[in-house]
Amino acid sequence: MALWWVSRDGYSIINDYSPGIEAQLPGCVDDTLDQPMWKEFADQTVTSVDKIMTANGFKVDAAMNSSMNIYDTNFYDYVKAYYRDETKAVLSISPDCGSSSQETDPVMYYSASFGYTTDYQKNYDAQSPFLHDLELKDSIVHIQESEGAFRVLSVNGRRTGYAMIVKNVDEKWTQLWAGQDVISCAVRDDNQIPLSLAPDCL
């Protein structure tokens, strides 16, 4: 899974390909507007995971939690974070009734995912310069392409995203363009962005 961790300095670090597991509770289409089925599922999941993590010496990272209760929607999903030495772990419980199946009439379910990483510091070191220089809070970045001092980034919030082209100028990453459409030819040419990074333009 892609484990999202909010650093002490407020930046969002993505830890791709982290070991993880998902629990599914089918039948969510029959839940009412107040979601009693989801609340029971979330309460039981949090209680079980807390017990296991405490027994294994993990502490709760209160700064990253959506809240200490399941009714807080700070991150939309309920999120609870744990740490022990270099290991970071995240429990995320989605209030959405959905399915990832491609079937015509799939079984719908509530889901809870749990994952961990020991690569957090490496990922922080690689991603934080972009987040800091571009003043990106509440967003993660992936480097899609690179050439010389230029990078094409994928920037994503919790539920949305866009592309960005940046350049390292005087040891600082500077935004040249950002958007969900194709870059304009004028912006590409004026900034001497390599054609390999932006072959199409308007």
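Residues checked against (1) without any contact (Cβ under 8 Å) to a residue 40 or more places away in the chain; (2) touching a strand residue (DSSP E or B) at 6+ places or on another chain (Cβ under 7 Å):
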residue: E135; (1), (2): yes, no
residue: I140; (1), (2): no, yes
residue: R159; (1), (2): no, no
residue: G179; (1), (2): yes, yes
residue: V187; (1), (2): yes, yes
residue: S196; (1), (2): no, yes
Subject >> Candidate set from region 48-70 (those that are surrounded by 14 or more Cβ atoms within 10 Å (Cβ to Cβ) and in a loop (DSSP other than H, G, I, E, B)); member that is modelled with the highest pLDDT >> reply: F58
Original post:
Out of region 28-53, which residues are over 24 Å from the mean Cα position of the chain (by Cα) and of a type in the set (D, E, K, R)?
Top reply: D30, D31, D34, E40, K51
Original post:
Out of all the residues in region 98-108, is one or more farther than 18 Å from A42 by Cβ, in the same structural domain as Y17 (by TED's automatic domain parsing) and among the acidic types (D, E)?
Top reply: yes
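From the set of residues in region 99-125 that are closer than 28 Å to T87 by Cα and in contact with a Gly (Cβ under 7 Å, 6 or more places away or on another chain), which is surrounded by the most Cβ atoms within 10 Å (Cβ to Cβ)?
So in region 99-125, the residues closer than 28 Å to T87 by Cα come out as 110-125.
Add one more test, that the residue is in contact with a Gly (Cβ under 7 Å, 6 or more places away or on another chain), and what stays is 113-115.
Working: S113: 18, F114: 22, G115: 20.
By that ranking, first place goes to F114.
The values are calculated or read from the model by the stated rules, or taken from the named source; none is laboratory data. From a predicted model like this one, the values you see are computed outputs, not experimental measurements. We place every Cβ from the backbone using ideal geometry, glycine too, and count neighbours over all the protein chains shown.
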